[in-house]
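Peer 1: Mind having a look at this structure? Questions to follow.
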Amino acid sequence: VSTQSTGDHNMRQRMLKYTPEHMHCHSTFYGPLAPPNTAFIATQGSTDKKTSTFRIVATGVVLSLDKTIDVVKKLKLTGTPYKIFKNTAFLKGMFSSVLEVSKFEGAMIKTVSGIRGQVKRALSAPPGSFRASFEDKIKLSDIVFLRCWVSVDIPKFYAPVINLLTANKTWSGMRTVAELRRANGETIPVNKDSLYKDIERKPQEFRPLKVPKNLQKSLPFKTKPKMEKKRTKELYTTKRAVVLEPGEKRLTTLMQQLLTAQKESDKKKLEKKKREREKHQKELDKIEEKRSTHAKQERKKFYQKNSKKDKMEMD
């Protein structure tokens, strides 16, 4: 029974749930002693006597014989704060006992909003709660998580086949789990905790900003909150039409004409610049093409000259 893993940049053996499709991986299992660089092949065959089919599952080489290899997998623990002070908070739901908390003392934790913290000390009640310090004040609605690595136990199972080359050849291997389920008419067990679920979070509603009256008096007018109530009635300016005088009308028309002319002039300038830029880029491309062609010819001459010199020296 093998456990697949891949080697990270820091020599950590990270467990893989599935073998990669177009890449190699490490496989750890208990087996017979074999020197390194010994090639092996893994096959999967049918135990049914009517069909003698098999397929090649894996090919590889033995890298090392190491009983103390440590294969690890990711573990993400989550908890929620139930009491908050300035930069300190009491958290629960992440661990189940004081012993678990003591193992993770000094571990780095982080909130979903990105505030970093550290596990400090376990609390007496409720079980599994602890005190943590953060770089900023967190909220009761924050979710705190801890990323860590846990070791994976390698199954200590090894059944050597020693009677495969007997005269009668009646050996048959152990049936696979799929074949046993097919024979008994059983379905694959589904663990509800392993299923992917849609995360639904309620949109957070923030309270409106309230500045005390005493503080408002000491603030300058520029920074004072200007909170006006919504108007229920329309203003007279929206009801009544504004009629311009003949002189005002002429001025408004003249300003509109000037702005239109200015916009048209700016547009023509931009188009002219764009054409000039394109023309300049074409010239640069031609010069670059000539330079690359000349460099290619020079390299060709250099290699031809060197090859002739090498032949003369060999002769």
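The values are calculated or read from the model by the stated rules, or taken from the named source; none is laboratory data. Since the structure is predicted, the reported quantities are computational estimates derived from the model, not experimental observations. Positions of Cβ are backbone-derived with ideal geometry, glycine not excepted, and every protein chain shown enters the neighbour counts. In case anyone asks, the SASA skips ligands and DNA or RNA and just uses the protein heavy atoms, side chains included. Shrake-Rupley method; radii C 1.70, N 1.55, O 1.52, S 1.80 Å.
Peer 1: At a 1.4 Å probe, what is the % contribution of carbon and sulfur to the accessible area of the chain?
Peer 2: 56
Peer 1: Then there is this: In the structure displayed, which of 92/202; 17/76; 103/156; 67/103; 110/139; 86/217 lie more than 18 Å apart, Cα to Cα?
Peer 2: From 92/202; 17/76; 103/156; 67/103; 110/139; 86/217, over 18 Å: 92/202; 103/156; 67/103; 86/217.
Peer 1: Whose amide H sits under 5 Å from the amide H of residue 83, counting only residues 5 or more places off or on another chain, with H placed in the peptide plane?
Peer 2: Residues meeting the amide H criterion: 90.
Peer 1: Something else about it: Skip the ligands, DNA and RNA, and give the accessible area per residue of region 195-315 with a 1.4 Å probe, whole Å². Kindly include the intermediate steps, with their values, before the conclusion.
Peer 2: Details: 13980 Å² over 121 residues.
It amounts to 116 Å² per residue over region 195-315.
Peer 1: Please work out the Kirkwood hydrodynamic radius for the chain, using every pair of different C-alpha atoms, and report it in angstroms with one decimal place. All intermediate terms of the calculation are to be shown ahead of the outcome.
Peer 2: On the way: mean 1/r = 0.0318 Å⁻¹.
It works out to 31.4 Å.
Peer 1: For region 57-172, what is the accessible area per residue in Å², given a 1.4 Å probe and the full set of protein chains?
Peer 2: That works out to 68 Å² per residue.
Peer 1: If you keep only loop residues by DSSP, which chymotrypsin sites (Phe, Trp or Tyr not before Pro) in region 103-167 have at most 14 other Cβ atoms within 10 Å of their Cβ?
Peer 2: For chymotrypsin sites (Phe, Trp or Tyr not before Pro) across region 103-167 that sit outside H, G, I, E and B with at most 14 neighbouring Cβ atoms in 10 Å, the list reads 157, 158.
Peer 1: Something else: Students often check this: by mean Cβ neighbours within 10 Å, which of 32-42, 200-210 ranks highest, and how do the rest follow?
Peer 2: Per-residue mean Cβ counts within 10 Å order the peptides as 32-42, 200-210.
Peer 1: I've got another one for you. Which FRET efficiency value, to the nearest 0.05, is calculated for residue 182 and residue 300 with the Förster distance at 41 angstrom and r the Cβ-Cβ distance? Mind showing how you got there, number by number?
Peer 2: Values: r = 68 Å, r/R0 = 1.65.
The pair residue 182/residue 300 has a calculated efficiency of 0.05.
Peer 1: Moving to a separate point now. Give a quick list of GluC sites (Glu not before Pro) in region 1-110 that DSSP marks as loop, anything other than H, G, I, E or B, with at most 16 other Cβ atoms within 10 Å.
Peer 2: Passing both the DSSP loop test and the Cβ count: 21, 105.
Peer 1: Divide the volume of the convex hull of the Cα atoms of region 1-107 by its number of residues and quote the answer in cubic angstrom per residue.
Peer 2: Dividing the Cα hull volume of region 1-107 by its residues yields 222 Å³.
Peer 1: Also: Going by alpha carbons, how many degrees (0 to 90, nearest 10) lie between the helix axis of 246-314 and the longest principal axis of the chain?
Peer 2: The angle comes out near 30 degrees.
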